[in-house]
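Please read the structure below before turning to the comments.
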Amino acid sequence: MRISARADYAVRAALQLAASAEAAPVKAEAIAAAQDIPHKFLEGILNELRRAGLVVSRRGGNGGYRLAGPAASISIADVIRAVDGPLVSVRGVRPPDLAYTGPAESLLPLWIALRSNVREILEGVSLADVAGAELPRGVLALTESPSAWTNP
């Protein structure tokens, strides 16, 4: 699975908003500077997050962006889906819409299992969890093996 730059930037922008939840709205320029995200690219991402109902915006001198709801109620999966669509697809097709034959037939349950695990992790972690550096125990357990940190 690959996390696109768009999804990475969207999650980082949402986390910046989560960290500023009690303050005034945050300007796109401030988010871009804090997270080292190209401003123009970020504007498009923030518009997608707004259309998905995850952020709200206000115009004017005191304007900017803020989360549309509590950070604890917005999952990382919500943010990624808002900018990239389905979490797991094969050649742009969702796994349940695939069909294989012969020796490749058992690929379908493999892709479904992968999707299930990706969902479990990304839907089970909220912006509040990450912004507060309090990842769920199950997620942290997956990082304990040294092999988790190396590239084969």
Considering only the stretch 1-19, how many residues are open to solvent by 30 Å² or more (accessible area, probe 1.4 Å) and farther than 30 Å from V90 by Cβ? 2
Please go through the stretch 101-152 and give me each residue that is in a loop (DSSP other than H, G, I, E, B) and on the phi > 0 side of the Ramachandran plot, ordered by number. A133
Please determine whether any residue of the stretch 68-87 is of a type in the set (K, R) and either open to solvent by less than 60 Å² (accessible area, probe 1.4 Å) or over 17 Å from D8 (Cβ atoms) (or both). no
Taking the stretch 95-136 and keeping residues of a type in the set (S, T, Y) and either open to solvent by less than 90 Å² (accessible area, probe 1.4 Å) or at pLDDT below 90 (or both) leaves Y100, S106, S116, S126
Matching residues in the stretch 91-100 - criterion: being among the small types (G, A, S) and either farther than 18 Å from I3 by Cα or not in a loop (DSSP other than H, G, I, E, B) (or both): A99
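Taking V139, is it of a type in the set (A, V, I, L, M) and open to solvent by less than 50 Å² (accessible area, probe 1.4 Å)?
Numbers: of a type in the set (A, V, I, L, M): yes; open to solvent by less than 50 Å² (accessible area, probe 1.4 Å): yes.
The answer is yes for V139.
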Can I45 be described as among the hydrophobic types (A, V, I, L, M, F, W, C), within 23 Å of G132 (Cβ to Cβ) and open to solvent by 60 Å² or more (accessible area, probe 1.4 Å)? no
Assuming A32 fulfils every condition listed in (1) assigned to a helix (DSSP H, G or I); (2) under 16 Å from I80 (Cβ atoms) apart from one, which condition is it? (2)
Which of the residues spanning the stretch 57-67 are open to solvent by less than 70 Å² (accessible area, probe 1.4 Å) and in contact with a Phe, Trp or Tyr (Cβ under 9 Å, 6 or more places away or on another chain)? S57
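The values are calculated or read from the model by the stated rules, or taken from the named source; none is laboratory data. Note that this is a predicted model, so its numbers are computed, not measured. A quick note on method: Cβ atoms are made from the backbone with ideal geometry, for glycine too, and the neighbour counts reach across all protein chains shown. Please note that ligands, DNA and RNA were not included when accessible areas were found on the heavy atoms of the full protein model with its side chains. Shrake-Rupley method; radii C 1.70, N 1.55, O 1.52, S 1.80 Å.
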